[in-house]
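The values are calculated or read from the model by the stated rules, or taken from the named source; none is laboratory data. These figures come from a predicted structure and were not determined experimentally. Please note: Cβ atoms are built from the backbone with ideal geometry, for glycine as well, and neighbour counts cover all protein chains shown.
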Amino acid sequence: MIIEKGKVVSVLYELRLADGSDELIEKVNENRPLQYLQGHGNLLPKFEANLEGLTVGDTFDFVLKSDEAYGPVSKEAIVDVPISVFEVDGKIDEELLTIGNVIPMMDNQGNRFNGKVLEVTLDNVKMDFNHPLAGVDLHFTGRVLDIREATPEELMHGHIHQASSGCGCDGGCSCTTEVTESEDTDACGCGCGCN
Ligand SMILES: [Zn+2]
């Protein structure tokens with residue numbers, strides 16, 4: 001079996017900065033491999049493209065330019081947020097607004113963003129909403145551990161279902177049951193937000 005659209009893939013990998021420093025960003029080992037459904041937009045398209053056609057035991061070693069990964073650093077993603085946004089019961093949580101702190105936020109459409117605190121003034125908090133890996137080239141090395149057929153339900157949802165990790169999100173989702181009624185085939189229906 002080879003990695004192609006509709007297959008559930010398990011890999012281990014190391015992700016390092018491809019800027020000469022070789023700094024380790026992420027290490028995924030055999031105990032908790034990355035599992036995903038190939039060809040459904042779950043991972044970076046170029047990451048999936050580099051794994052396409054590999055089989056169990058194959059190793060991989062490739063660099064994704066920032067344009068193929070998380071894109072360039074955007075100035076528009078650095079914004080001044082009114083400090084009142086961070087008020088709880090009329091009080092500012094100063095610990096929250098420590099420079100460099102990353103704060104999960106939501107816009108009025110319910111989209112989630114992580115914002116890094118760059119600067120705090122009397123009225124505003126300058127926040128960076130760029131992806132932490134924006135503007136950097138990424139070096140992936142790893143090995144294919146397993147490939148299996150996806151279930152019809154997984155194909156319908158466009159992501160994997162696994163007893164131990166639900167949708168593959170970290171929220172402990174329980175979407176392995178009662179989601180087939182969801183009319184939106186993109187949506188998991190379990191409310192875990194992982195789609
Ligand atoms: Zn699901």
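Of the strands (runs of 3 or more DSSP E) contained entirely in the range 81-177, those carrying at least 3 residues that are under 30 Å from Val56 (Cα atoms) and either modelled with pLDDT of 95 or more or among the β-branched types (Val, Ile, Thr) (or both) fall at 138-149. Does the range 98-107 contain at least one residue that is in contact with a helix residue (DSSP H, G or I) (Cβ under 9 Å, 6 or more places away or on another chain) and surrounded by 11 or more Cβ atoms within 10 Å (Cβ to Cβ)? Checked the range 98-107: at least one residue is in contact with a helix residue (DSSP H, G or I) (Cβ under 9 Å, 6 or more places away or on another chain) and surrounded by 11 or more Cβ atoms within 10 Å (Cβ to Cβ).
Contact annotation: residue pairs with Cβ atoms under 6 Å, 6 or more positions apart or on different chains, pairing a residue in the range 125-152 that is closer than 29 Å to Gly115 by Cα with a partner that is in a strand (DSSP E or B) and among the basic types (Lys, Arg), are Asp128/Lys116; His139/Arg16.
Residue check: Phe86 meets all listed conditions (1) of a type in the set (Phe, Trp, Tyr); (2) more than 23 Å from Gly6 (Cα to Cα); (3) under 16 Å from the mean Cα position of the chain (by Cα) but one, namely (3). State all residues of the range 35-80 that are more than 17 Å from His139 (Cβ to Cβ), of a type in the set (Asp, Glu) and assigned to a helix (DSSP H, G or I); if no residue qualifies, say none. Hit for the range 35-80 is Glu76, nothing else. Looking only at the range 37-46, residues that are in contact with a strand residue (DSSP E or B) (Cβ under 6 Å, 6 or more places away or on another chain), touching a residue at least 12 places away in the same chain (Cβ under 8 Å) and under 14 Å from Val9 (Cα atoms) come to 3 in all. Residue under question is Ala18, and the condition is that it be in contact with an Asp or Glu (Cβ under 8 Å, 6 or more places away or on another chain) and closer than 30 Å to Thr121 by Cβ; does it hold? Criteria not met by Ala18.
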